[in-house]
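The values are calculated or read from the model by the stated rules, or taken from the named source; none is laboratory data. These numbers were taken from a predicted model, which means no experiment stands behind them. Virtual Cβ from ideal backbone geometry, glycine too; neighbours counted across all protein chains shown.
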Amino acid sequence: MINLVADLLSRSLLWVFALTVIFTLVRYLVVAGGAWYLLWGSTPSRHIDKRLRPGKPPASQLKREIVYSLVACLMHPAAAFTIVALSQFDLTRVYFYVSDYGWPYLLFSIVVMVLMHDALFYWLHRLLHTGWFMRNVHYVHHESDDPSPWSSLAFHPIEALLHVLSLVVVTMVIPVHPIAMVIFLMLNMVINVLGHCGFEVFPQWLRRNFPGRFLNTPSMHSWHHFRFDTNFSIYFTFWDKLMGTSETPAFERLPSTEQERYV
């Protein structure tokens, strides 16, 4: 009997691992690959006036970003395993029947997840920019001084693990349906890729007016990769503004690393 239970458990965990890795790989390759094709592979001349940095990311950088991202994808099952384990002790609020809370709540929960993750990401990101973490972990991501869509998941394995485990906190605080989590993760991937795409995709009139001034635009995040000490948020600029770490890029078109840095 014990052997049977152990066998069933190992099989279920294997499925969790496989499905999580496949889902993470698919969303990364589809969203990052799609952005790269639209911005560089199709008719790049259409978008070149929106390019934030001169030139094109070198092939060596793209290869490094993709390799680190693929390794990072292997860290994502840790969150799924943790949620499964905590659920055995009723320590998460994951539910499986939409009727338990209804569709309006399911959609509302996605908004709440975005706001919660915005706060969690900001403070985790600030931590990653301190001493040991910056020197030994977060430096991997910042090797992409001029990020590309492929750098969206280019993290040191430890950082990737910290990011995915932060999502476990969300499931412990609010009721979360798997459908809502999937939608949130896809939205997160899109925002992440946009922030690293190297092009300003939002029109100037939106960036300079409400609500655009509270969005973490590609310009804002590209400036973070350029300066390191500003613009730590992922979705909105609320936390940056509140904590005094928000900085509007000096110019829409940032200088290259070979040119004089603006400080």
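So GLU200 clears everything in (1) at pLDDT 95 or above; (2) in contact with a Pro (Cβ under 6 Å, 6 or more places away or on another chain) except one condition, right? Which one?
Single failed check for GLU200: (1).
Return yes when ASN188 is at pLDDT 95 or above and either in contact with a helix residue (DSSP H, G or I) (Cβ under 9 Å, 6 or more places away or on another chain) or farther than 28 Å from ALA80 by Cα (or both) and no when it is not.
Answer is yes for this residue.
Please verify whether LEU91 is among the hydrophobic types (A, V, I, L, M, F, W, C) and assigned to a helix (DSSP H, G or I), treating the condition exactly as stated.
Here the answer is no, as LEU91 does not meet what is asked.
Taking GLY212 as the residue in question, decide whether it is free of Cβ contacts under 8 Å to residues at least 60 places away in the same chain, small (Gly, Ala, Ser) and either surrounded by 15 or more Cβ atoms within 10 Å (Cβ to Cβ) or touching a Leu at 6+ places or on another chain (Cβ under 8 Å) (or both).
It is true that GLY212 is free of Cβ contacts under 8 Å to residues at least 60 places away in the same chain, small (Gly, Ala, Ser) and either surrounded by 15 or more Cβ atoms within 10 Å (Cβ to Cβ) or touching a Leu at 6+ places or on another chain (Cβ under 8 Å) (or both).
Output yes when any residue across the stretch 94-112 is surrounded by 14 or more Cβ atoms within 10 Å (Cβ to Cβ), within 21 Å of HIS221 (Cα to Cα), among the aliphatic types (A, V, I, L, M) and in contact (Cβ under 8 Å) with a residue 40 or more places away in the chain, and no when none is.
No, that holds for no residue.
Have a look at TYR28, TYR105 and point out the one that is hydroxyl-bearing (Ser, Thr, Tyr), assigned to a helix (DSSP H, G or I) and out of contact with any helix residue (DSSP H, G or I) (no Cβ under 6 Å at 6 or more places or on another chain).
Matching residue, one of TYR28, TYR105: TYR105.
Can VAL168 be described as over 24 Å from TRP223 (Cα atoms), touching a Ser or Thr at 6+ places or on another chain (Cβ under 9 Å), surrounded by 15 or more Cβ atoms within 10 Å (Cβ to Cβ) and of a type in the set (A, V, I, L, M, F, W, C)?
yes
Kindly indicate whether any position in the stretch 123-130 is surrounded by 15 or more Cβ atoms within 10 Å (Cβ to Cβ) and part of a loop (DSSP other than H, G, I, E, B).
Yes; the residues of the stretch 123-130 include at least one that is surrounded by 15 or more Cβ atoms within 10 Å (Cβ to Cβ) and part of a loop (DSSP other than H, G, I, E, B).
Yes or no: SER151 among the hydroxyl-bearing types (Ser, Thr, Tyr) and either closer than 29 Å to PHE108 by Cα or modelled with pLDDT under 90 (or both)?
Against the criterion (among the hydroxyl-bearing types (Ser, Thr, Tyr) and either closer than 29 Å to PHE108 by Cα or modelled with pLDDT under 90 (or both)), SER151 does not qualify.
Can you name every residue in the stretch 173-213 that is closer than 27 Å to TYR28 by Cβ and of a type in the set (Phe, Trp, Tyr)?
Matches in the stretch 173-213: PHE184, PHE199, PHE202.
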